[in-house]
Structure formats: structure tokens, C-alpha cells
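Okay, structure first, notes after.
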Amino acid sequence: MVEFVQQLINIVGENAVLTGDQVSSRNTSYWDPSPMRAKALVRPKSTAEVSAILKLCHENVQTVVTHGGLTGTVEGAKATEQDIVLSLERMNQIEHIDPLSRVATVQAGCVLQTFQEAVEQHGLLFPLDLGARGSCTVGGNVSTNAGGINVIRYGVMRDLVLGLEVVLADGTVLSSMNKMIKNNAGYDLKQLFIGSEGTLGVVTRINVKLKELPVSANSALVAMDSFEQVADLLKYLDKSFGGHLTSYEVMWGNYFRCVTEPGWHEAPLSRDYHFYVVLEAEGVSPEHDNIEFARIMEEAFEKQLMVDAVIPKSKSERDRVWAIREDFEAMLQHNPKFVYDVSLPIKDMDQYVKGLEVAFAQRWPEHYFYALGHIGDGNLHFFVSPQNQNDLDLHHQVNQIVYQPLAALGGSVSAEHGIGLEKRAYLDVARNTTEIELMKTIKRTLDPKNLLNPGKIFTV
């Protein structure tokens, strides 16, 4: 081991390789505060260094786990004492922003919020956005095909990536740094790596498309008595705003009441409704957009698509409304806690969630269950916490309740966070045997020694 670590030091320098207490002083992830485990943690600063590291690992049949911002929820970055952790934290540069073509080149370790703020200085927008923006990395967003709060208008990460530079398991550099929206010259190889969770190659650089920065943004927090109103309002607003509806974030009443309990966030309206939605529409004419937003919201109220609403009048008021949706620290006070992100058709969501509520109450009379989601793209999130339970099989029992109904609904066990280790046993709920076998064939082709994030998604 000493010789191997020295070879890593020869590639990246002594200060860029951590071992022993330097590794264990780090948390495994945001969600897992236990000490990180690894034979060594290496921090390259260039694609050439990543290539040299992977070539060395390939020659020595050394497994590698890639780290970004460590905000993932499915143990996709979990490593053992036998693994080398490849952290891209030093590959954090924004290499180029082209305002005319609206294309930017960014290194994989760049924090999402840092990148967003940099392109904003050019009057542009990188529209992928999520609550972990201050910690997650652009490369991690690629790895999981991240979605977030703006998917209705701008799509998921896959829709924003133009080109990738990827280092394969043997150190080969695949530079497919396309900058064009349209390029039908053969296979679109970048799609193999988007959402592959670091199992097929290490993404080092990304070309992404940008949008013009909107000059107006109107938000509202609305309340409803039924899920039918939630779904009908989404359809009505998407049509009425003419494609300008950006966000539509639904919170079940239990979630809203939890985050607005004393000591957390102040509730801008009654806490007694069944559903709450934070919504936002962006535009290009502040005065006109403000008038239209108020008119459309008033019409929706008259059509009985909502029962109450608050429209922020300042940025600080807007931030307070969004904090209710994004700050879930109140839920983390319960232990044990299990976090889920699933997807399914909107028409099935209400009955699905009601079924979960009944099943949890029957199995664990004392429990906490909080639901929310980006339902515009069919995505729900849950926080589940059975109380006074010491069953070692508890997580599996909760998983069975959450995942099994999805197969009949054509849903998925993962909407945007990936499979990792945590959901590996449930992959067949969302994918058939032929799909899984083809995935394994691709994995064996690109990583025949099974060195990159081994055991994540599936075993080969």
C-alpha cells in the first residue's frame, strides 16, 4: 500500500493525497456523519492527473469511488478501506463562458451555486437548481442526472449538457466536448455517462447550454383542500403563463406543519390546509408580468383551484416562502429517518400517498411521514421515521411499503438521486430484465475489471 500511495503522490503531489486520520476526519456524506473510509483520498487538479490515476489503478486492479459534493442520498459515494476515493474538489474552475453562443465550460468539481452566480454576471442563467446548490457539484449533477425545482420549464441535467470530457476506467480520455445543440453525427456518447453514477467513467469537464437571465420572477404560496385542485391548478397555470411557469413545488399538509412549527419557519397563511404549493413564473417584462401574474392567480381563485394564497412583494418575502419548501432540517430531528425520491404519473399520486399513510399507520402507529415533490415532472420525496423501533430490518420494511406499489403504476424507485447501494435491490421495480442485462453489458465493456464505483446500481 505504501508504494501505491507514493505513486499517487508522484502524480498529484503530497498535499493532494490524504490517508489515515486525514480521511476519517471527513464525513461519509451530508446524510451520513460517520467517518469516511478509504485506503487513500486523492485530489487531482486536471484531467491529465485523473487519467494517470485511473491508469495506475487499472494496472493494479484498484477500485475507485468518485466524490463530488457528497449530497447524494443513496450511498452512491460510499467507500471502504479497500477503495481509493477520487475527489474532484480541486477541479472546480469555470473555464469559459460564451455569452453569444450561451455555452459554458466548467470543471466537474465546481459547486453549482458558484457556477450559477458566475454566469449571472454575464446576464445568463444556468437553470438547473436544487436545495443543495451550495454544496453539490456540476459533475455530481451530471452523474445523477439531477432535476430540481425548474424542471417544468428547463428540463433535467440531461437537457442542459452539450458535451462531456470523461476519463474511462483504464485512463483513456474521451473528449466529446460538443458545443452545439444539434449534432447527429453518430452515437451521442455523452448520454451513456449522464446518470451513470460514476460507474462507467469519471466526468471531468462539461459543456452546458445557458439561458438568458429572466428579468422578472413572480412567486406565490397557495393552499388547497384536495389533490385534484393541486393537479388542476398545475395544468391551468402551465397553459395560462404560456410556458413561463418555472416551478411548481407541492407540500402535503404534514410537511408544511412540520417546517412551520415554533422554532422553525413562520407560516404566512393557515397551517390547517391539506396541500400547499410554492410556484414561480419568470418573464421578460416586470410591469407587465406582475399584472398578468396577479390576473391569472385571481382567475384561478375564482375557478376554485385554490382556497388561499400569499404573493410575496419583495425578495426577502420570496426567500422566506422558498425556505419553507427547501429547509427540511425540522424533519432531520427524528431518528431513525429514511429519505425517498420516487416518480410516478400525477394521476396516481394522491392514492399512492394515501396508501403509504395507511400502511405506515398500520405497521407503526407511532411514526412521522412527510411528503413533498416537484410534481410537474412526476417526482415525489418522502421523509419516513418509524418511532420506538429497534428492528435491524426496519429500513427494508419501509422500502417494501414505498417501492412495491410503484411497479403496477409504471413508476420508478428513483426520480433524480440515482440507485447507489441503497436502492440496488429494488432496481427491478423500475427496470425489466432485458434493460438491466444491457446495462451490465455496457458496464463490462467500458469497465471490464469492475473498478469504477463497484457494486453501485447493480452487481456484475
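Rule-based calculations on the coordinates, nothing more; no lab input. Values in this document were obtained by computation on a predicted structure and should not be read as measured data. With ideal geometry, Cβ positions are generated from the backbone for all residues, glycine too; neighbour counts draw on all protein chains shown.
Brief remarks follow.
- Nearest-0.05 FRET efficiency for residue 347 and residue 444, computed from C-beta distance (R0 35 Å): 0.35
- Expected 222 nm ellipticity per residue - DSSP helices of 4 or more, -39500 (n - 2.57), all of the chain, to 500: -10000 deg cm²/dmol
- As a proxy for reagent exposure, ranking 50, 222 by other Cβ atoms within 10 Å from fewest up yields 222, 50.
- Estimated translational D of region 94-212 in µm²/s (Stokes, Kirkwood radius over Cα pairs; 4 °C; 1.567 mPa s): 91 µm²/s
- Extension gain, residue 177 to residue 326, is 50.3 nm, computed as 0.36 nm per intervening residue step minus the present C-alpha separation.
- For the pair residue 114 and residue 15, a Förster radius of 22 Å applied to the C-beta separation gives a FRET efficiency near 0.50, rounded to the nearest 0.05.
- With the convex hull of its Cα atoms as the shape, region 2-90 has an orientation-averaged projected area of 5.3 nm².
- Exposed loop sites here mean GluC sites (Glu not before Pro) with a DSSP loop assignment and at most 11 other beta-carbon atoms within 10 Å; the chain contains its longest site-free run at 82-265.
- Taking all Cα pairs closer than 8 Å and separated by 6 or more residues, the relative contact order of region 121-265 comes to 28 percent.
- Overall dimensions of region 216-326 by Cα: Rg and Dmax, Å: 13.3, 39
- Cα pair count fraction exceeding 29 Å, expressed as % - region 28-183: 19 percent
- Ranked by how many other Cβ atoms sit within 10 Å of their own Cβ, fewest first, the residues 24, 247, 34 fall in the order 34, 24, 247.
- 15 Å cut-off, amide nitrogen to a point 7 angstrom out along residue 24 Cα→Cβ, residues in region 40-84: 40-41, 80-82
- Lys, Arg +1 and Asp, Glu -1 on Cβ, resulting dipole of region 334-441 about Cα centre, debye, nearest 20: 40 debye
- Using Cβ point charges alone (K and R +1, D and E -1), the dipole size of the chain about the Cα centre works out to roughly 1160 debye.
- Cα pair distances exceeding 16 angstrom across region 334-441, given as percent: 58 percent
- The residue 211 and residue 299 beta-carbon pair, evaluated with R₀ = 35 Å, returns a calculated FRET efficiency of approximately 0.80.
- Of [x] 24.9; [y] 22.7; [z] 20.4, the label for mean projected area of the Cα convex hull in nm² derived from the coordinates: [y]
- Residue exposure sequence - 97, 324, 84 - by fewest surrounding Cβ within 10 Å: 97, 324, 84
- Listed cross-link partners 235/423; 209/449; 45/209 are compared with a 28 Å cut-off, the Cα-Cα value being larger for 235/423; 209/449.
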